[in-house]
Amino acid sequence: NNGFGNVYVSMGEYDKAVSLYQKALAILEKKRGPEHPTLAGILDKLAALCMELEMEKQAVPLYERLVRIREKALRPTHPQLVISLNNLAESYRLQGRYAEAEACYLKTLRINEEVHGSEHPSVAAILQELAKLCTSQRKPEEAKRYQERASAIFQKSVEAAEMKSGAESLTLEL
């Protein structure tokens, strides 16, 4: 069922894909239990499809289960866990569940800072998400602080790339 779900997604037949993913999920749940790591792939695809179809309300419990499963099955800094947390945060944000979104974003921020350092572009990307969240909550000063920190990180990253490639590569010869 999972394979056919992928085919239906590629053909743009999203309702059929959702139905097949749900069936595949139900079968795996019966065989393995509701929190088994083998459910992660289908939960991820189904939740992402729900988000794509603007069905955030249905996506949230799927992402919550996915995060629980990945927290048990993976190391705390595993990239798949970080992505799942970020996706859960986004689905919370879109539903107006700002406190829960902020908690997820802050957790992904801590993990990214631990793994990559505080000046990494992935940290800046999360800071931008936090800025967006603060804007939604009408917290302009906090949003500004997050955005300024993100911009500074991105600027350093661009400058480092320019230094690495050499200034001569930035000129146009006529």
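The values are calculated or read from the model by the stated rules, or taken from the named source; none is laboratory data. Every value quoted in this text rests on a predicted model; they were computed, and no experiment measured them. No Cβ is skipped: glycine too gets one built from the backbone with ideal geometry, and neighbour counts run over all protein chains shown. To get the accessible areas, we keep the full protein, side chains included, count just its heavy atoms, and leave off ligands, DNA and RNA. Shrake-Rupley method; radii C 1.70, N 1.55, O 1.52, S 1.80 Å.
Counted residue by residue at 0.36 nm each, then reduced by the alpha carbon distance between them, the extension gain from Ser118 to Leu94 reaches 6.0 nm. Length gained on full extension, Arg75 to Ala152: 24.7 nm, using 0.36 nm per residue less the C-alpha separation. Think of it as helices only: each DSSP H run of n ≥ 4 in the chain is worth -39500 (n - 2.57), and spread over all residues that comes to -26000 deg cm²/dmol at 222 nm.
Between Glu54 and Ser19, the simple label model (points 7 Å from Cα in the Cβ direction) yields a spacing of 2.3 nm. Summary value for the stretch 100-160: 31 percent relative contact order, contacts being C-alpha pairs under 8 angstrom separated by 6+ residues. Taking all protein chains into account, the per residue accessible area for the stretch 80-123 stands at 46 Å² (1.4 Å probe). Derived scalar couplings between HN and Hα for the stretch 64-73 equal 4, 4, 4, 5, 4, 4, 5, 5, 7, 8 Hz in order, rounded to whole Hz, by the Karplus curve 6.51 cos²θ - 1.76 cosθ + 1.60 (θ = phi - 60°), x for Gly and Pro. A simple spin-label model places the labels of Lys31 and Ser165 4.8 nm from each other, with each point 7 Å out along Cα-to-Cβ. Shown are Met55, Met163, whose ranking by accessible area with a 1.4 Å probe and every protein chain present, most to least, is Met163, Met55. Within the accessible surface of the stretch 37-174, defined with a 1.4 Å probe on protein heavy atoms only, the carbon and sulfur portion equals 55 percent.
Rounded to the nearest Hz, the phi-derived 3J(HN,Hα) couplings of the stretch 108-116 under the Karplus curve 6.51 cos²θ - 1.76 cosθ + 1.60 (θ = phi - 60°) are 5, 4, 4, 5, 5, 5, 5, 7, 10, where x marks glycine and proline. Using a cutoff of 8 angstrom between alpha carbon atoms and counting only pairs six or more residues apart, the relative contact order for the chain works out to 11 percent. For the stretch 17-174, the Kirkwood hydrodynamic radius comes to 17.4 Å, computed from all pairs of different C-alpha atoms.
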